[in-house]
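Visitor: Attaching a single structure in structure tokens format; questions to follow.
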Amino acid sequence: MQLQLQQLLPVYFDDNYRNGSEVWRKDLTFSKGEYVKIVAPSGSGKSSLMHFLYGLRNEYSGNIVYNSANLRNYTAEDFAGYRKDHVSIVFQDMRLFPEQNVFENIELKRQLNPFHPVEKIKEMAERLGIGNKLASKSRICSYGEQQRVAIIRALMQPFDFLLLDEPFSHLDEKNSQNAMQLMLEEAKLRNAAIIFADLERIDYFPYTRLFHL
Amino acid sequence: MAVSFKPIRSLLQTGTNTSSRWFSYIGLGIGVLLLLCSIQMFINIQQLLGGEDQRKEGYDFISISKTITNETMGQLEKNLFNENDIKDISTQPFIQGASPLVANRFRVQLSAGDIIPFSTDMFLESLDNSFIDTVPPNFTWKEGQDYIPIVFSSDFLEIYNVFAPGYGLPQLSEATASQVVVYITCFGENGVKQTFRGSIVALSDRVNSIIVPKNFLDWANNKFGNTTNVRASRLYIKTKDANNPDFLSYLQQKNYKVNKDKTKFGRVKQVLQGIFSGLGIFGLLVVILALMLFSFYLQLMIARSKDNLQLLLLMGYSPNWLSKNVSKQFIPVYILVVLAALAFTESMQWAFHHFAMFDRPELSSLLHWSVLATALFLIGLSLITNYRMVRKLLYKLV
């Protein structure tokens, strides 16, 4: 299970960006079990990279290859399977269903391809300190709470790669560490890789490779 | 592991446009009802007026003539059938044969000899034997033969018997009439004349005329009248069903005159079928309009739930699975709407059969299978259009 980036560059980036970047216009291969840290200042294309890897957008030159299949050739159905079984993501902007409660938001993901039994939702929510929020509509939860919902949601499915796009932007140090710990355990359980993009280095993420975007 | 659609249902926002959804359901129901009722009534008319009753030989024979109007009066070529007319009529699919009634083109006088002191100018006509209902074996003539067999209209005999007493003539039974020998004198130009003996060999209920063998009249027309042109004022037509609307509209279009009594059912049927075809087409239009309204409703629903649906697709829900399940939501409603219309149609048919037609055996209180087939087809049609619509809209969100 490998995720390959071949000369990847967003089409809306000019040449200045590729100089000095350790990711854009490079050939990179990420394998299962690796912890990849991508440090990226604002506007360097961090979210673009995550969206490209997740198959949400394709305004890039170069290729992204998963298991020797080019994402460019994926159909809508292929992407559904890719996101359901192989790659999970925590978005910077959370992307929850505002009118559904916390439990429903997580269950919608879990039922698609359950890696954990339904009881695990409550267990994880309690571990991240949102156990009492399960019945609340997600739109009335704070950003910090929503971020934790998004993290738990990402951990409900099987995956080979877990993509994290500034997952702790609304969390304090303690909550972030707590969530990171949970994600590391879950990744280990699946022998999965984590690709973690953030503004700066974070000490409690034991990365095996480091890139500057 | 089957993914449940239940938690997703609440993500489809259907709340505020309930009225447009109900309008489209009601519209669909009314359209389907109209369509099914029209089909059933169309079939009822076929069964009631379809001429299913067995005629003797399975054919109707009727005579037609051109309508003589003030404009065509005196113009023989416009009032007579020429060979092209006959050819055109014979090639129509609903006409199995046509034969002209050829009349004499010379003066003919008939007298009854000494037995009945009766003499009159009259006419003779000839017709293909296959169009005459009663053709005895001796209805033949050879050149040189001075005896002419005659097929006589039974109506004419009746008319004779009506006026005979007033003129001091004996009334004749059918049997006696065929024993009377009459003398037929043909007058040609320049004082040429020839007298033949004749007798009635058969009476015909079908043909209102005095029929002689065809070869005799052709020969006589040539000899006394100097013409071999086939121009007939009347045509006999052999048709499977004189009430066939196509046949009637052909006659109307050509401005041919026909015995109205023989085709009266056909005319009623023509009008009724026209009405119900119109209603059926209207029903179909309503169905199409309702489906269009429903597709607008679907578009609106999907547009309103766009964010939610996009997020589901983003989470890894298959667009194919989603389209199937979103459109599945409407299956029960569609089936219910069509079944309700079907039930209404059935009760209409029962009431029509029982109260209006007094349980006539030609009809059935149950719906015709084609109505059920149409109902099934409509369910299928709405489901397919619905599914395709949802699928198209959802794939746009991917």
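Just so you know, all these numbers are worked out from the coordinates, no wet-lab data involved. The model shown is predicted, which means the values in this text are computed figures rather than measured ones. Glycine gets a Cβ as well: all are built from the backbone with ideal geometry, and neighbour counts include every protein chain shown.
Visitor: Among DSSP bridges having both ends in the range B:60-240, what percentage is antiparallel? Round to the nearest 5.
Guide: Numbers: 32 of 40 bridges.
Percentage antiparallel, nearest 5: 80.
Visitor: Right, here's the next one. How are the C-alpha pair distances of the range A:31-142 spread across 10 Å bins, as whole percents from the shortest bin up?
Guide: Percent of Cα pairs in each bin: 11, 34, 34, 19, 1.
Visitor: Any idea what log10 I(q)/I(0) is at q = 0.14 Å⁻¹ for the range A:74-138, Debye with uniform C-alpha scatterers and no solvent?
Guide: -0.48
Visitor: Moving to a separate point now. Starting from the alpha-carbon convex hull of the range B:312-352, give the projected area averaged over all orientations, in nm².
Guide: Numbers: hull surface 11.7 nm².
Value for the range B:312-352: 2.9 nm².
Visitor: Can you bin the protein assembly as shown into rounded, prolate or oblate? Criterion: square roots of the alpha carbon gyration tensor eigenvalues sorted a ≥ b ≥ c, rounded for a/c under 1.5, prolate for a/b above b/c, oblate for the rest.
Guide: Working: a/c = 5.80, a/b = 3.71, b/c = 1.56.
Prolate is the answer for the protein assembly as shown, as a/c is 1.5 or above and a/b outweighs b/c.
Visitor: Roughly how many Å is it from the Cα centre of the range B:180-224 to that of the range A:85-138, as a whole number?
Guide: That distance is 107 Å.
Visitor: What residue among B:221, B:44, B:161 has the largest mean-square fluctuation in a Gaussian network model of chain B, using Cα springs under 10 Å?
Guide: Comparing B:221, B:44, B:161 in a Gaussian network model of chain B, the most mobile one is B:161.
Visitor: Please order A:173, A:166, A:200 by the number of other Cβ within 10 Å, starting at the fewest. Working shown, then result.
Guide: Working: A:173 11, A:166 19, A:200 7.
The order, fewest Cβ neighbours first, is A:200, A:173, A:166.
Visitor: Restricting the calculation to Cα positions, tell me the Rg (one decimal) and the Dmax (whole number) of chain B in Å.
Guide: 34.9, 115
Visitor: Another question about this same structure. Report, in deg cm²/dmol and to the nearest 500, the calculated mean residue ellipticity at 222 nm for chain A, where each DSSP H run with n ≥ 4 adds -39500 (n - 2.57) and the sum is divided by the residue count. The partial results should precede the final answer.
Guide: Working: 7 runs with 71 residues, N = 213.
After summing the helix terms and dividing by residue count, I get -10000 deg cm²/dmol.
Visitor: Follow-up question, since we're still on this one. With helices defined as uninterrupted DSSP H runs, which ones in chain B have an alpha carbon span along their own long axis of at least 24 Å and mean Kyte-Doolittle hydropathy of at least 0.0? All intermediate terms of the calculation are to be shown ahead of the outcome.
Guide: Working: long enough: B:18-49 (46 Å, 1.17); B:264-304 (60 Å, 1.42); B:331-351 (30 Å, 1.55); B:369-397 (42 Å, 1.00).
Those that clear 24 Å and a mean of 0.0 are B:18-49, B:264-304, B:331-351, B:369-397.
Visitor: For every other residue with a beta carbon closer than 14 angstrom to the beta carbon of residue B:249, add +1 if it is Lys or Arg and -1 if Asp or Glu, then tell me the sum.
Guide: Numbers: positive: B:254, B:267, B:269; negative: B:241, B:246.
Here the charged neighbours net out to +1.
Visitor: Ranked by Cβ crowding within 10 angstrom, fewest neighbours first, how are A:15, A:198 ordered?
Guide: Lowest count first: A:15, A:198.
Visitor: Counting other beta carbons within 10 Å of each residue's own, what order do B:192, B:3, B:337 fall into, fewest first? Can you show the working numbers first?
Guide: Details: B:192 11, B:3 18, B:337 25.
Lowest to highest Cβ neighbour count: B:192, B:3, B:337.
Visitor: Which number comes out as Rg/Rh for chain A once both Rg and the Kirkwood Rh are worked out on C-alpha atoms?
Guide: Values: Rg = 16.7 Å, Rh = 17.5 Å.
Rg/Rh: 0.96.
Visitor: Rounded to the nearest 5, what % of the DSSP beta bridges within the protein assembly as shown are antiparallel ones?
Guide: Numbers: 49 of 75 bridges.
Beta bridges within the protein assembly as shown, antiparallel portion: roughly 65 percent.
Visitor: When only Cα pairs under 8 Å and 6 or more residues apart are kept, what is the percent relative contact order across chain A? Don't skip to the answer; put the middle values down first.
Guide: Working: 380 pairs, mean separation 69.9, N = 213.
Relative contact order for chain A comes out at 33 percent.
Visitor: Per residue Cα convex hull volume for the range B:137-264, in cubic angstrom? Display every interim value, and only then the final one.
Guide: Working: hull volume 21.9 nm³, N = 128.
Value for the range B:137-264: 171 Å³ per residue.
Visitor: For the range A:22-97, how big is the tail of P(r) above 21 Å, as a whole percent of Cα pairs? Could you put the intermediate results ahead of the total?
Guide: On the way: 832 of 2850 pairs.
Result for the distance tail: 29 percent.
Visitor: Tell me, what is a quarter of the convex hull surface for the C-alpha atoms of the range B:60-240, in nm² with one decimal?
Guide: The orientation-averaged projected area of the Cα hull of the range B:60-240 comes to 12.0 nm².
Visitor: Pick out which of B:140, B:385, B:69 has the largest mean-square fluctuation in a Gaussian network model of chain B, springs linking Cα atoms closer than 10 Å.
Guide: Top of the fluctuation ranking is B:69.
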